Every structure is written in C-alpha cells, then in structure tokens.
Amino acid sequence: MTKWLTHHNLKTAAIFCAIPMIAAYIAARQGYLNANYHLSTWKGGGMGMFAGADSGDTRFTRIFIETADGKRQPIVKLLPAQTRQHQKAIWYPTRENFEPLAMSLRRTSFVASNEASKVYKIDKDSNTREAMEQSHYLLHARGPRPGGDDADWTLVIEYWEISYDGSKREARATLTETMRFAKGSGS
C-alpha cells in the first residue's frame, strides 16, 4: 500500500483525475454560453470547428430611433467607431455589450434621406405584394450631437439570428432579443 502512495503515483493520479474534470467544466461552460449568450462555436458556444454554421453572416441587428408616438426610423449607417462597437457586440450579444454602442448612438446626430422609403409586404417567394401605409426615413450617423446631450428618444436594437433548415432548404431569420435604451436609462 505504501508503494502506491509514492510522489510519482500521486502526481499521475492527480493528472488522471484532473483532465476529465477540466474537460467536463469546459463542456458545461460552452453549453451554458451557447444556450444563454448565443455564442458562436469559435467564441465559446461549441466544442469544435465544425460544430455549427455560425458566423457573422448569420447574426445581424436592426437599429431604430423610436419616437414618443411609437414611430421607428431605421439607422442604416454608423460611424467607423460605432461599426467596431457593433461588430464586437454582435459576437457576444448581451445588453451590457450593446450599451457602449447605444451610448454612442444617443450622442450622435443623424442625417435623413430626402424622401421617405415605402414599406412593402413581401410574400414567402420574395415577391412584392403591396405598399403599406407606413414609410421610413433612412438615417445616417453624421457625428457628435451639438451640446453632447443625449437625445430625447428611445434607441431600439433588435438582435436577429438566421438559421438554415437543410431538409426544407429554407433560411429563417428569428428575432432573438429587443433592447431599448431610453434617455436616462444608464446608457
């Protein structure tokens, strides 16, 4: 019995037990991050290179200014620093990671397109069916707001994911989360 408890054997036994425990911890953490934070396979959401078809092409946001009357105007162009913040947040899409982008956008002035863009109903085959009554002005970020104050509107960031069903040969976009950042909400 004493022979088994040598320093070498204890070290080997510790390594032998530690490796499966570490692997189990990593697997549990990866599963948790994938389920709760929508992380890609490369960013902690899976166990291997080919575990999923997740990429920047399968994640996107729609960003709007929402006025007090509930109307939404889409922001279609960000400043370069905001684009970097957006890319960073899209790979770990939590409210905390979108807050710096939201803070920056709330302190930005925008230029609107000259004419409102009509909104159309489109069927599942991508055919335009009819023009709806609503329309949008497409907003482009221009630079810092004069005075540096937060704007008096709500910023809405919708986080979307695209999944592909190989049996139906269909791609589907799913709204995963809607985040609202109002004036004085800490962002």
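Going by the conditions given, is LEU139 at pLDDT below 90 and among the aliphatic types (A, V, I, L, M)?
yes
LYS71: modelled with pLDDT of 75 or more and either surrounded by fewer than 16 Cβ atoms within 10 Å (Cβ to Cβ) or within 17 Å of GLU158 (Cβ to Cβ) (or both), yes or no?
Yes: the conditions hold for LYS71.
Which residues, taken from the stretch 111-126, are assigned to a loop (DSSP other than H, G, I, E, B) and either basic (Lys, Arg) or loosely packed, with under 12 Cβ neighbours inside 10 Å (or both)?
Those that are assigned to a loop (DSSP other than H, G, I, E, B) and either basic (Lys, Arg) or loosely packed, with under 12 Cβ neighbours inside 10 Å (or both): ASN114, GLU115, ASP123, LYS124, ASP125, SER126.
Could you tell me whether any residue of the stretch 88-95 is surrounded by fewer than 19 Cβ atoms within 10 Å (Cβ to Cβ), assigned to a helix (DSSP H, G or I) and not hydrophobic (A, V, I, L, M, F, W, C)?
Among the residues of the stretch 88-95, at least one is surrounded by fewer than 19 Cβ atoms within 10 Å (Cβ to Cβ), assigned to a helix (DSSP H, G or I) and not hydrophobic (A, V, I, L, M, F, W, C), which makes the answer yes.
Counting only residues that are surrounded by fewer than 16 Cβ atoms within 10 Å (Cβ to Cβ) and touching a residue at least 40 places away in the same chain (Cβ under 8 Å), which one in the stretch 161-172 is nearest to GLN73 (Cα to Cα)?
The residue in question is ILE162.
Quick test for you: out of SER117, SER126, SER187, SER113, pick the one residue that is more than 25 Å from THR83 (Cβ to Cβ) and either hydroxyl-bearing (Ser, Thr, Tyr) or at pLDDT below 85 (or both).
SER126
Out of the stretch 46-68, which residues are modelled with pLDDT under 75 and either part of a loop (DSSP other than H, G, I, E, B) or under 17 Å from ARG106 (Cα atoms) (or both)?
Scanning the stretch 46-68 gives GLY46, MET47, GLY48, MET49, PHE50, ALA51, GLY52, ALA53, ASP54, SER55.
Quick check on my filter: what residues within the stretch 127-157 are in a strand (DSSP E or B) and within 16 Å of ARG107 (Cα to Cα)?
Those that are in a strand (DSSP E or B) and within 16 Å of ARG107 (Cα to Cα): LEU139, HIS140, ALA141, ARG142, GLY143, PRO144, THR154, LEU155, VAL156, ILE157.
Does the stretch 167-184 contain any residue that is assigned to a strand (DSSP E or B), at pLDDT below 90, among the aliphatic types (A, V, I, L, M) and more than 21 Å from the chain's Cα centre (by Cα)?
Checking the stretch 167-184: not a single residue is assigned to a strand (DSSP E or B), at pLDDT below 90, among the aliphatic types (A, V, I, L, M) and more than 21 Å from the chain's Cα centre (by Cα).
Please work out which one of (1) under 25 Å from the mean Cα position of the chain (by Cα); (2) on the phi > 0 side of the Ramachandran plot; (3) without any contact (Cβ under 8 Å) to a residue 12 or more places away in the chain is the condition PRO80 fails and give its number.
(2)
The values are calculated or read from the model by the stated rules, or taken from the named source; none is laboratory data. If you're wondering where the values come from, they're calculated on a predicted model, not measured in any experiment. Methodologically, a virtual Cβ is constructed for each residue, glycine included, from the backbone with ideal geometry; neighbour enumeration extends over all protein chains shown.
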